Each structure stands twice: as structure tokens, then as C-alpha cells.
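Reviewing the structure listed below.
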Amino acid sequence: MEYIPILILVLSFISLLAIGVPVAWSIVVSALLTLLVSIPPLAAVAVTAQRVGAGLDSFALLAIPFFILSGELMNKGGIAHRLIAFAKTVVGALPGGLALINVISAMLMGAIAGSAMASASAMGSILGPEMEKQGYSKEFGAAVNITSATTGLLIPPSNVLIVYSLASGGVSIASLFLAGYIPGILTGLFLMIIALIWAKRKGYKVGERSSFKPIAKSFVIAVPSLFMLVVVIGGIIWGIFTATEASAIAVLYSLLLGFAYKEISIKKLPQILLDSSATTAVVMLLIGTSMSMSWALSFENIPQDLSTTLLGLSDNPIVILLIINLILLFVGIFMDMTPAVLIFTPIFLPIVIKLGIDPVHFGIIMILNLCVGLCTPPVGSVLFVGVGVAKTTIEKVIKPLLPLFIAMIIALFLITYFPQLSLWLPSLFNI
């Protein structure tokens, strides 16, 4: 194994992050420095620039800006309020009812908008003040909001599952979408159990039990929002349209719904478009630069060398998956999810395929694993959004976060070693 390229890549990337260089630029500069080991400077610069552009030349990636826009429209279109009202009638009377409402609403919001940050922002701003009024600690509310927001990255539609499909060389997006449902719901259930236990120990207030009539009424009000799941996911599964076409339909549906709810007006549209464009620019820059690093890794044969090294340690799938999970948990602390998926999928996917592990199953493992990193400092984007909305500090949120981290890691290992949790739904539809 040639150690010089990988040492240059790792050390340069960590050093650039440490001095405060943005993640996208850290990625592309470390990729360039790695290529300088093997090819002339002018060629290295040209190739790096070309790979950034070529990395974005994919029809499947067009789904990402559309899903980001639809998520922004839903966030501003009053959908979060209606989902929270429905969740409140279902679980509001249980111990820690408001925390459970947060988790359920985040799962529903994620299933509609597909954005962890949009979910954390919406749920935190709506439920945070209400939880404080009911005697919940600000830090506990923030911790529940931060971790539950990540369930939307597993429950489709999910931008990061589209990114994994691209990085894996074309794993079916429909299969990945179906595979994410049970793991996403299971993770949410584990978070709810921890929230319930914590709330019971702290003696938080319990809400009033709802009768059938208010439950039915809140469900009817939420149905138009929930129906988007049927339109988007159903259309993809039954082959009516592709994921990219589905994303455009999601924009149209969410726009019409926002107008129908009278939460979106023509005057608000320019700001919504501006916000979604800013988010899209960040995501696309990360994708482009990450693809340049993936190409540099392949050019230097780093994935093949790492594959040989890992398989030399063991050929037991249980051991290899454990090692990969530990590596990804570490990587997630320092790297955002999108570049991590694009860089590490080409490294680890050939290894797991050699061991007979389904690439759809591995995709769900990888996404759930990296969801933990979104909730941890120093680069946890969802952590920063959740803490900012709650007007608290990371140091104060860490204590209530720890048991929720444990719940996510338990869910991760169950999903890792019980593949049917991911593969059962795709098998039902023969996808």
C-alpha cells in the first residue's frame, strides 16, 4: 500500500479544517495536493477543476434543488403547524408528550420535506417555546429536536439518498427510498422511548387525553400535507415518474398547498426562492468538490488499497461492518454528510459487496451512521440549527443529547446486523 498520497490527503484536509477553511475548499485543496504527488502541477489543477464540473453533470442531481425548494415551501407554508397539531392529539397525553410530539412531527416533516435542518428549524421554533412553558428544560427540548430532525434523512424523499445513489454508481433511488422507511421509523421510536423515560424521571407535565373526534379532525386537516407522500413516493415506486420528475411535482404540490393554506403569497416567493438557492449552492459546491476528491482517491488507488487492508484484517462481515461503522462515526464528527457519502461510498462499497452485503442495505447503514455526526460538534449542522433556535449553548445540550445518541447507535447496530429491516419493503415491491 502506498502511504504517501493518503497521508497527504488526510493531513492536509484535517489541517485546513483546523485553521477554519470551509469544508468545500478543504476538500478540493486536499484533493489537488494529493494529485500533485503523481502528476505535474498544471495537469493536477486542470483535472481537479474538470472533476468539480463533471461531478455536477448528472440528471439525477437535478432532484436536489427541487426537493430543497419544496422543503422550503413546506416550511413556510404552514405544514409544520398542521403536523404538530395532529401529533399532539395522538401522543400529547403520554409522559413527555411534547417531546414525543416533536419526534413524530419531525418524522412526518422529514417524510414530506426531506431536510433535517428545515425540520429542526420548524419544530424548534414552534415547539420550543411551548415546551418551556410546560416546564421542560430548554436543553432537553433542543436535544430531542436535534436528534429527531435527522430521521427525515432516512424517511423519503431524502436528498442524501439521491447523493448515495450517485456515489454508488446507480443503486436504485426507489429501492433506497423504500429501504429508509423502517430504519427511520425505528430510530424515531428509540428516540421516543428515551424521551419518555427522561420526561418521566424529571416529572414533566402530561397533556390532556384527546378523544376520537379531535384526533380525526386534526388528521383530516393534515391529510393534504401527508398526501404528498402518496403522490411523490407512490409515483416513483410504480414507475409513473423518476425521482427527478417527482421532485418537480413536489415543488408544484407544496406551492399549491401553501397558497391554499394562505401561508404563502406572491410577495413571499422571492425570499423563499433566495433561501432555497443559497442552500442549493452550498450543497452543490460540496457535491462538486467531493467528486474531485473521489476521483483523486481512485486515481491513487486508495480505495483498492484500503479494501485489501480491511479484508486482510478479517473476512467476517460482522467484523468488517463494525470497523466501517466505527470509522464512519469518527468521520461524521469532522465532515458534513454529503461529502462523507461521496468520498467514502467508493471506498467502502466494493468491500461490502465482496462480502455479499446488499448496496441498498449498506446505503441505509451509512446514512444513519452519518446522521449521528450531524448532531455532534464541531461541524454538526443540525446541532447548530437546533441550539440556535433554542437560544442555548452546545455545552448545555450535550448532557441530554448523550442518551439520545445511545438510542441512535442502538438503532444503527440493529439495522446493520438485521438487513431485512432495510430490505423487506423493497422486496415486497420487487425493486
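Quick note: the coordinates plus some simple rules give every number you see, no bench work behind them. Predicted model, so just to flag it, every value in this text is computed and none were measured. FYI the Cβ positions are ideal-geometry reconstructions off the backbone, even for glycines, and counts take in every protein chain you see.
Data table
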quantity: Dipole of the chain [Lys/Arg +1, Asp/Glu -1 at C-beta], most positive-end residue of MET337, LEU98, PHE259; calculated: LEU98
quantity: C-alpha long axis of helix 317-334 to longest principal axis of the chain, angle in °; calculated: 80 degrees
quantity: Kirkwood-based Rg to Rh ratio, the stretch 250-380, C-alpha trace; calculated: 1.13
quantity: Value at 222 nm in deg cm²/dmol, rounded to 500, when DSSP H runs of n ≥ 4 in the chain each add -39,500 (n - 2.57); calculated: -26500 deg cm²/dmol
quantity: Restricting the stretch 324-424 to trypsin sites (Lys or Arg not before Pro) in coil, as DSSP defines it, with at most 15 other Cβ within 10 Å; calculated: LYS391
quantity: Which listed pairs, of LYS88/LYS202; LYS88/LYS268; LYS133/LYS202; LYS200/LYS396; LYS88/LYS138; LYS202/LYS396, have C-alpha distances above 26 Å, in listed order; calculated: LYS88/LYS268
quantity: Sorted peptide list for 366-374, 328-336, 182-190, criterion being average Cβ within 10 angstrom, highest first; calculated: 366-374, 182-190, 328-336
quantity: Qualifying trypsin sites (Lys or Arg not before Pro) in the stretch 199-308, DSSP loop, other Cβ atoms within 10 Å at most 11; calculated: ARG209, LYS262, LYS267
quantity: Cα gyration tensor shape for the stretch 147-256, rounded if a/c is under 1.5, else prolate or oblate; calculated: oblate
quantity: Within the stretch 359-431, chymotrypsin sites (Phe, Trp or Tyr not before Pro) in DSSP loop having at most 13 other beta-carbon neighbours inside 10 Å; calculated: PHE429
quantity: Between 0 and 90°, nearest 10: helix 394-417 axis offset from the chain longest Cα axis; calculated: 70 degrees
quantity: Cα gyration tensor shape of the chain, rounded if a/c is under 1.5, else prolate or oblate by comparing a/b with b/c; calculated: prolate
quantity: Order by protection proxy (mean Cβ within 10 Å, highest first), peptides 44-52, 173-181; calculated: 173-181, 44-52
quantity: Percentage relative contact order, the chain, counting C-alpha pairs under 8 Å, at least six apart; calculated: 26 percent
quantity: Nearby lysines by direct alpha-carbon distance to LYS267 (threshold 24 angstrom, same-chain neighbours under 8 apart not counted); calculated: LYS76
quantity: In sequence order, calculated HN-Hα J values of the stretch 234-246 (Karplus, 6.51, -1.76, 1.60; Hz; x Gly/Pro); calculated: x, x, 5, 4, 8, x, 6, 8, 7, 4, 5, 5, 4
quantity: Coordinate range along principal axes, alpha carbons of the stretch 204-276, Å, largest first; calculated: 43, 37, 26
quantity: The stretch 363-380-the stretch 10-72 distance, computed between alpha-carbon centres (Å); calculated: 20 Å
quantity: Folded to 0 to 90 degrees: helix 3-18 orientation relative to the chain principal axis, Cα; calculated: 40 degrees
quantity: Shape call, the stretch 1-57: gyration tensor on alpha carbons, a/c limit 1.5; calculated: oblate
